[in-house]
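See below for the structure under consideration.
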Amino acid sequence: MSVFVVPKGMPLSIFEDKYARRLPEGRKQTWEERVTEVVEGNVALAKHFKGLEVSSADKVEFLELMKRGVLPMSGRHLQHGDKGQIGRLGENYTNCSTSAFSFLKFWLLMKGSGVGRLYDEDVCLVDWSKAPKITLALDQTHPDWTQDLYDRGVISRGEARFLAKNALTNVLYHAVEDSAEGWAEVIQILESEAYYSSRPGESLEDSAVSHCIFDFSKVRGKGSPIRGQQNRPASGPVPFMTAVQNVSSITAQIGMSKWEQAMRIDHELAACVVVGGIRRSARIALKTWDDPGIEDFILIKNSGDLWSANNSVVTTDEFWTAVRKTYDDHQEDTSALTEKEKLATAVFYLAATTAYTKNTGEPSFFNSDNISKDCKGLENVNVNYLSRKVRSDLKFSERTDKLVNDLLEKAVTHKTLYICNPCGEIPLAMFGGYCVIGDICAARANNTEDLERAAVAAAKALVRVNLMPFLYEGEVKRTNRIGVSLTGLHELAFTVFGLTWDDLTGPLEDVQHFWNALGSARASVESALERYCAELGVNMPSTYMTIKPSGTVSKVLDCTEGAHLPAYGYYMRWVMFPSDGEEFSNLRARGYPTKDVGTTYYGQSIVGFPTRTRIAELMGDKVTKAGEASIESQYVWIQRLEEYWLGEEEQGGQVSYTLKFSKDAVD
């Protein structure tokens, strides 16, 4: 068996920075050492949670495929997988999620998950203008204390305690814990108190808190190691303190709608999230096309802020029927249209014009009628749908339970029940859900049998992850959602089948053998899941096939990313580093080009690395780059992936795919 060795250069630098752990003797792990721990941690889940041993044959095959690089899983597994997996939360292994609450969205982002949220007015219950007044404190002996903080209104720990002790109003003094849960608790307190304050006559005993004093003195200083992130450097308390001050500024504004309050507050929280110095927030913000304030939502990014999320208008078949009635029929007289049809036409025009003229492609359209939905068991959705243990860890108060319960009651009957994750490939309930995804690296497969074996092994491994404890435990049990994904497809097509882009998107009869191989792997996943889920006593996954973007893992495996064509054969790759870090200084001294991006990403700079792609070496002048493929051929590619990899029934998610076009060539 050949063992994958991470190539030197960019792949090795990413692997050692993000996934490989430092061993006692001082060196970083090899690929073989890292994935061996991942396999050990994953296979232990079935025995621990279900008393079912993974067969020796399955374990050997799983380990062999991972060692060869045919089954890398995803970055979440490569980073966190080890023998301790049985004692952790499943959130560490989810690629994507949704949330209907700001504090849980913030917590999920800090766990490294990409988060989607629906900003319809009916499911944004909190009037943040009712939130308590906020005062921030930090001990003046803290390593991150500066005069600038004092000038910004941050008081000392002693002053905070004195203020709390001698206050005449209902003041809460809260020492912020040094953890993701501790940070999320700050937002939870504000969110639940704001909700409670706007609902007079509630039966809860205590009166509403009018003033919160948050003391950040326990939070470790900037640069301190985070054990749960393999000792990567902490950001320190200041970015979060800044975010809380910005939240306070938003709550002080009068007359802002609840959905816009939530959207702006979520941005401020997301902007301060840096997971172990390596990952920034990934978000999608959605709003239904006929919801109040949709025009403001479409235009909300025109001022240049709110950059932390991709924005999408949720549409329906009703919307598109109305749009086609006007545009396809060239109907200039709109007097015969209903008010709903006029609204759809106006929303389409405003959104399309904004996306085109602002050079952003935003907002996009998300057709909620064209995705897989699973509505079984929704009658059981309430606050107890969330894990009692994790709620305890997150310090849910009685008021938090009330907020969550009230919102879930509305959410399950809301017009838009399903949305998606930030990259768009997974349908998820808007009130809270997850997907765990694993990549098959087709570029490392020697034949179609490798592809099929890896697909089955990935599916079983992902189902085992769903046995772990999660906050949304009810949703995990209800849907058991997973995503078996692909990357390195163009290498497989060329090295195993001898096919180029023009072949793959040309006459189907000429390349049917390639597409049948994908369809056969999908069918094997389905039959294997039916047997394995029955053995474990869990639901068959609502969806189990997808293709995610697969950026970082694909770079480590040195292959094309997800379903995408290569953007370049040779290019400059820009990587972010703390501006005051030793590694950044060393790279700059060695002559690598650098740029300061501190105005957008506080305290950060980027370094450029000249990069050569493996696909350009394999295919030479036969390679087609993204900018060279026609829009039509790319749609053919996506349609065929949907048919053969996702399937034509409800088992599929979506293909996440970025298609760039020239405005000069498109009207």
Quick check: pseudo-label points 7 Å beyond the Cα along Cα→Cβ at LYS663 and GLU159, how many nm apart are they? 4.8
Can you work out the Karplus-derived ³J(HN,Hα) for every residue in the range 380-397? Use 6.51 cos²θ - 1.76 cosθ + 1.60 with θ = phi - 60°, whole Hz, and x for glycine or proline. 8, 7, 7, 4, 6, 5, 9, 4, 4, 5, 5, 4, 5, 4, 8, 6, 4, 8
For mean projected area of the Cα convex hull in nm², the listed values are [x] 40.8; [y] 29.4; [z] 32.0; which was obtained by calculation from the structure presented? [z]
Using a Förster distance of 41 Å, the FRET efficiency for GLU177-ASP503 (Cβ separation, nearest 0.05): 0.10
Out-of-range pairs (alpha-carbon distance over 23 Å; input LYS222/LYS548; LYS59/LYS83; LYS548/LYS622; LYS50/LYS111; LYS105/LYS555): LYS222/LYS548; LYS548/LYS622; LYS50/LYS111; LYS105/LYS555
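For the range 382-481, how big is Rg over Rh, using alpha carbon atoms and the Kirkwood form of Rh?
1.10
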Which whole-angstrom value gives the distance between the alpha carbon centres of the range 466-513 and the range 571-623? 29
Per-residue HN-Hα couplings for the range 362-378, Karplus 6.51 cos²θ - 1.76 cosθ + 1.60 at θ = phi - 60°, whole Hz, x for Gly and Pro? 10, x, 8, 10, 10, 7, 6, 7, 10, 10, 5, 10, 9, 10, 5, x, 5
What accessible area per residue, rounded to a whole number of Å², is obtained for the range 105-170 using a probe radius of 1.4 Å? 45
Quote the relative contact order of the chain in percent (integer), defining contacts as alpha-carbon pairs under 8 Å separated by 6+ residues. 15
With every protein chain present, what is the per residue accessible area of the range 386-427 (1.4 Å probe, Å²)? 40
Give the percent of DSSP beta bridges with both residues in the chain that are antiparallel, rounded to the nearest 5. 40
Out of residues 5 or more away from MET73 or on other chains, whose amide H comes under 5 Å of its own, with H placed 1.01 Å from N in the peptide plane? ASP439
Name the residue farthest towards the positive end of the dipole of the range 280-428 from the options PRO427, VAL383, ILE371, assuming +1 on Cβ of Lys and Arg, -1 on Cβ of Asp and Glu, about the Cα centre. VAL383
How much length would be gained if the chain were fully extended between ARG573 and LYS218, taking 0.36 nm per residue of separation minus their Cα-Cα distance, in nm to one decimal? 124.1 nm
Pairs of Cα atoms under 8 Å, at least six residues apart: use those to get the relative contact order of the range 293-442, whole percent. 21
Please get the size of the charge dipole for the chain, origin at its Cα centre, with Cβ charges of +1 on Lys and Arg and -1 on Asp and Glu, quoted in debye to the nearest 20. 2360
Can you give the charge dipole size of the range 1-146 about its Cα centre, rounded to the nearest 20 debye, using +1 on the beta carbon of Lys and Arg and -1 on the beta carbon of Asp and Glu? 220
Cβ neighbours within 10 Å, averaged per peptide: list 47-60, 651-664 in order, most packed at the top. 651-664, 47-60
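What number, in percent, do you get for the relative contact order of the range 1-136 if the mean sequence gap of Cα pairs under 8 Å and at least 6 apart is divided by its residue count? Before the final figure, lay out the partial values.
Working: 134 pairs, mean separation 26.7, N = 136.
Once divided by the residue count of the range 1-136, the mean separation gives 20 percent.
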Quarter of Cα convex hull surface for the range 530-573, i.e. mean projection, nm²: 4.7
If a paramagnetic tag sat 7 Å from the Cα of SER524 along the Cα-Cβ line, which residues of the range 435-459 would have the backbone N under 14 Å from that point? 440-442, 445-459
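Which helices count as membrane-span-like in the chain under these terms: full DSSP H, at least 18 Å along the axis by C-alpha, Kyte-Doolittle mean of -1.0 or more?
Working: long enough: 31-50 (29 Å, -0.40); 180-197 (26 Å, -0.03); 238-251 (20 Å, 0.86); 258-271 (20 Å, -0.78); 339-357 (27 Å, 0.18); 398-411 (20 Å, -0.94); 448-465 (26 Å, 0.38); 512-536 (35 Å, -0.19).
Result, helices passing both filters: 31-50, 180-197, 238-251, 258-271, 339-357, 398-411, 448-465, 512-536.
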Excluding same-chain residues fewer than 8 positions from LYS358, which lysines have a Cα within less than 20 Å of its Cα? LYS287, LYS301, LYS660, LYS663
Protein accessible area in the chain, 1.4 Å probe - carbon and sulfur %: 49
Projecting the Cα atoms of ILE254, ILE155, ALA270 onto the charge dipole of the chain, where Lys and Arg contribute +1 and Asp and Glu -1 at Cβ, the residue farthest towards the positive end is ILE155
Need the list of aspartates and glutamates near LYS342 for cross-linking: C-alpha distance under 19 angstrom, and skip anything on the same chain fewer than eight residues off. ASP290, ASP291, GLU295, ASP296, ASP317, GLU318, ASP328, ASP329, GLU332, ASP333
Sequence-distant residues sharing a close amide H with CYS212 (under 5 Å, placed H): LYS133, ILE134, THR135, LEU172
How big is D, in µm² s⁻¹, for the range 1-80 by Stokes-Einstein at 4 °C and 1.567 mPa s if Rh is the Kirkwood radius over C-alpha pairs? 96
To the nearest Å², the heavy-atom accessible area per residue of the range 490-549 with 1.4 Å probe amounts to 38
Considering amide H positions built from the backbone, and no H for Pro or chain starts, which residues 5 or more places from ARG21, or on another chain, come under 5 Å of its amide H? GLN29
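The values are calculated or read from the model by the stated rules, or taken from the named source; none is laboratory data. In this text, all values refer to a predicted model and were calculated from it rather than measured experimentally. As a convention, Cβ positions derive from the backbone with ideal geometry for all residues, glycine included, and neighbour counts pool all protein chains shown. For the accessible areas, the whole protein counts, side chains as well, though only heavy atoms, and no ligand, DNA or RNA atoms are used. Shrake-Rupley method; radii C 1.70, N 1.55, O 1.52, S 1.80 Å.
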